[in-house]
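Values quoted throughout were computed directly from the atomic coordinates according to the rules given, and no laboratory measurement underlies them. Fair warning: this is a prediction, and the values are worked out from it, not measured in the lab. No Cβ is skipped: glycine too gets one built from the backbone with ideal geometry, and neighbour counts run over all protein chains shown.
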Amino acid sequence: MGRRLKKISCLNAGAIIVSALCAMTMPACDSLDDNRIPAMNVQIVLNNPGLWNTYGVSGYGQYNEFIRQTRQPANFFFTETTYTGFGGVLLVMGMDPFSAGDVVPLAYDLACPVECKEYIRVVYDTDRLDARCPVCGSRYDVLMSGGAPTAGPALTGSVKYGLQRYTVNPSGGGYVIAR
């Protein structure tokens with residue numbers, strides 16, 4: 001009887017070791033993938049007070065969209081060095097969850113990471129102060145959670161899909177949005 005218990009204990013220990021190794025090599029079930037869309041150049045130069053006051057954002061929840069393919073905003077001067085990512089750029093004034101929580105300009109790619117097509121873009125909802133995909137219905141917190149999903153297929157799958165974030169760097173009295 002003592003020999004049988006020892007054998008079972010060794011089998012259990014082996015199973016525990018194999019399970020632990022598998023768990024360490026497999027991706028986590030609750031991981032957030034915010035790099036699903038193709039990596040494309042981003043550079044929007046709003047580096048003086050005049051450009052920033054015209055095209056930037058100044059109050060919490062304010063937004064603007066930049067889409068080179070459709071020349072949006074219509075009166076923005078797109079240059080040869082202006083790039084707007086995969087689906088365009090959503091610029092919003094919100095709280096950066098990765099810093100001290102200051103209200104700052106934040107930028108995201110407009111392409112829905114669930115749909116992963118450049119022409120399927122999230123829409124900023126001014127009533128709910130979030131972004132929503134009109135195709136899959138996913139919603140994203142762009143003001144306080146860095147583009148993390150809050151509803152829909154982007155949240156409910158084994159991998160959570162967040163919006164691709166871009167940097168917004170101070171420059172010359174305005175900002176430069178870049179990847």
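More than 28 angstrom separation, counting every C-alpha pair in the range 32-178; what % is that?
Beyond 28 Å sits 12 percent of the P(r) for the range 32-178.
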Built amide H within the under 5 Å cut-off of ASP125, gap 5+: ASP130, ALA131, ARG132
Coil-residue GluC sites (Glu not before Pro) of the range 72-179, DSSP, other Cβ within 10 Å capped at 14: GLU80
For ASP96, which sequence-distant residues (separation of 5 or more, or a different chain) have an amide H within less than 5 Å of its own amide H, given hydrogens modelled in the peptide plane? GLY101, ASP102, VAL104
For the range 32-178, the dipole about the Cα centre with charges only on Cβ (Lys and Arg +1, Asp and Glu -1), to the nearest 20 debye, works out at 220 debye
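With the contact rule set at Cα under 8 Å and sequence spacing of 6 or more, what percent relative contact order holds for the range 32-178? Walk me through the numbers before you get to the answer.
Values: 355 pairs, mean separation 42.0, N = 147.
Once divided by the residue count of the range 32-178, the mean separation gives 29 percent.
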With the range 92-171 reduced to its Cα atoms and the Debye formula applied, log10 I(q)/I(0) at q = 0.16, 0.21, 0.23 1/Å amounts to -0.55, -0.90, -1.05
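Using unit Cβ charges (K, R positive; D, E negative) and no other charged atoms, how large, in debye to the nearest 20, is the dipole of the range 90-137 about its Cα centre?
Details: 4 positive and 8 negative charges, 31 e Å.
Value, rounded to 20: 140 debye.
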Calc'd 3J(HN,Hα), the range 76-92, phi into Karplus 6.51 cos²θ - 1.76 cosθ + 1.60 (θ = phi - 60°), Hz, glycine/Pro = x, comes to 7, 8, 7, 9, 5, 9, 8, 10, 10, x, 7, x, x, 10, 9, 10, 9
Per the charge dipole of the range 32-178 (beta-carbon charges, Lys/Arg positive, Asp/Glu negative, Cα centre), the residue among THR126, GLY162, CYS116 reaching farthest to the positive end is CYS116
Under 5 Å between amide H atoms, partner at least 5 residues away or on a different chain: which partners does GLN164 have, H built in plane at 1.01 Å? ASP109
Backbone HN-Hα couplings from phi across the range 96-112 [Karplus 6.51/-1.76/1.60, Hz, Gly and Pro as x]: 6, x, 9, 10, 6, x, 6, 7, 9, x, 10, 9, 9, 6, 6, 5, 5
